[in-house]
Amino acid sequence: MFHVRSVDSIDDFFLPNDSGSFRQFVGTAVEQGDTQTDWCFVVDDGPLVLGRIGFTLEPSTSDRSWLGTLPPTELRPFGLYWTGQPEVLDQLLGFARPRLTGLGPAHAEVLVNRRSTPHHAGAVAVLESIGAVLFQEKAGFEFDARGSGSTLSDRVDWSTVRDVGTATYASIMARCGRGTLDRNDRYYWSHCGRDNWGRQMMEYLDPDGADMWLVGHADGEPVGYVFVTMDPVLVSTIGHIGVVPEARGNGYVHELLDAAAATIAGRGIASMLSDVDVLNRPMLHAMRHAGHRDSEWHVWHYRFPLI
């Protein structure tokens, strides 16, 4: 008989093969109050762990003015593991769901990745069966920067966020959010408002990587931006990219992608792993045109309300 429970200690959540970086991530989340033992769940059969999932609370800051009409809390998953039996994941999520209520209006999220989630097809089936809603699906792309030959276009004048300042960069990002085909961006942009969305996106800026946050101008007017972020697992990724509405249809997305490739090549970074909403067909085409290859990385992003 399965036993489903919240962990008594955060150490009870870890599995023997968990990496040091994952353990550090969870430990930091506990210290900052972004998670707690009551939000970390395990299914076991005696000494054998059959499944687990934990959740962090976002946003973790006290300033939530940027939320607009959004619910004040979201719960994001981490550490999803299960052995493949549908009833294990069903019981795990069924046990967790009522215990995550009481936080005010909120929803919980579960992300399933074809590359990294064990038994991903079964996980998708279970989530569908319990009424979780598919919020977004993203296709992954890999890019090899070695010998790519990408250069910065002379049709565009390039600056970094250091050159233009964070406020200007945020305002350009906010403009690019209008009419986006990315479901996640469209959701937040429409609820938070243009300026709040741009300001919130700047929280992804790592000062050490500010030279990888590029903005392009043509004839003195901004045409778009792209920034690359570093991750110890992903190596590097296109964190975000956008073309201002007035400049769309002129091929600037190709130059922005080339600029991202030239930027990582200049830093000696060998590869990128990025993803794109499967409904954003123009961006899918642009990625392939720029030499980004389809990857096994593929994410299904589900949500279910907490009432």
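Details
- Any hit, the range 27-34, residues being in a strand (DSSP E or B) and not aromatic (Phe, Trp, Tyr): no
- Filter pass, GLY224 being small (Gly, Ala, Ser) and touching a residue at least 40 places away in the same chain (Cβ under 8 Å): yes
- Restricted to the range 192-217, and to residues there that are out of contact with any helix residue (DSSP H, G or I) (no Cβ under 7 Å at 6 or more places or on another chain) and touching a residue at least 60 places away in the same chain (Cβ under 8 Å), the residue that is farthest from THR166 (Cα to Cα) is GLY193.
- Residues of the range 220-275 that are within 14 Å of PHE143 (Cα to Cα) and open to solvent by less than 10 Å² (accessible area, probe 1.4 Å): VAL228, SER236, LEU257, ALA259, ALA260, ALA261, ILE264, MET272, SER274.
- Out of PRO207, PRO305, one residue alone is open to solvent by 40 Å² or more (accessible area, probe 1.4 Å) and within 30 Å of PHE95 (Cβ to Cβ). It is PRO305.
- Condition met for ARG281 (out of contact with any Gly (no Cβ under 7 Å at 6 or more places or on another chain) and closer than 21 Å to GLY209 by Cβ): no
Here is a yes/no grid of residues against (1) in contact (Cβ under 8 Å) with a residue 12 or more places away in the chain; (2) touching a Leu at 6+ places or on another chain (Cβ under 8 Å); (3) buried (at least 18 other Cβ atoms within 10 Å of the Cβ); (4) closer than 21 Å to PRO282 by Cβ:
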position	(1), (2), (3), (4)
SER153	yes, no, yes, yes
ASP157	yes, no, no, no
ALA167	no, no, no, no
ILE172	yes, no, yes, yes
ARG178	yes, no, no, yes
SER190	no, no, no, yes
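- Matching residues, the range 276-289, being touching a strand residue (DSSP E or B) at 6+ places or on another chain (Cβ under 8 Å), in a helix (DSSP H, G or I) and open to solvent by less than 20 Å² (accessible area, probe 1.4 Å): LEU284, MET287
- Whichever residue in the range 141-151 is within 24 Å of the chain's Cα centre (by Cα) and of a type in the set (D, E, K, R) and, among such residues, is surrounded by the fewest Cβ atoms within 10 Å (Cβ to Cβ): ASP144
- Qualifying residue in the range 3-20 (condition: aromatic (Phe, Trp, Tyr) and assigned to a loop (DSSP other than H, G, I, E, B)): yes
- Qualifying residue in the range 250-257 (condition: touching a residue at least 40 places away in the same chain (Cβ under 8 Å) and closer than 28 Å to PHE22 by Cα): no
- Pair list, Cβ under 7 Å, 6 or more apart: the range 71-83 residue at positive phi, other residue part of a strand (DSSP E or B) and at pLDDT 90 or above: GLY79/ARG52; GLY79/ILE53; GLY79/GLY54
- In the range 90-123, residue surrounded by the most Cβ atoms within 10 Å (Cβ to Cβ) [restricted to those that are farther than 15 Å from ARG303 by Cα and aliphatic (A, V, I, L, M)]: LEU92
Per-residue answers, yes or no, for (1) modelled with pLDDT under 95; (2) within 23 Å of the chain's Cα centre (by Cα):
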position: ARG76; (1), (2): yes, yes
position: LEU89; (1), (2): yes, yes
position: GLU109; (1), (2): yes, yes
position: ILE130; (1), (2): yes, no
position: ALA139; (1), (2): no, yes
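The values are calculated or read from the model by the stated rules, or taken from the named source; none is laboratory data. A quick note: this is a predicted structure, and the numbers were derived from the prediction, not measured. All Cβ positions, even for glycine, are placed from backbone atoms using ideal geometry, and neighbour counts span all protein chains on display. Heads up: the accessible areas ignore ligands, DNA and RNA and are worked out on the full protein's heavy atoms, side chains in. Shrake-Rupley method; radii C 1.70, N 1.55, O 1.52, S 1.80 Å.
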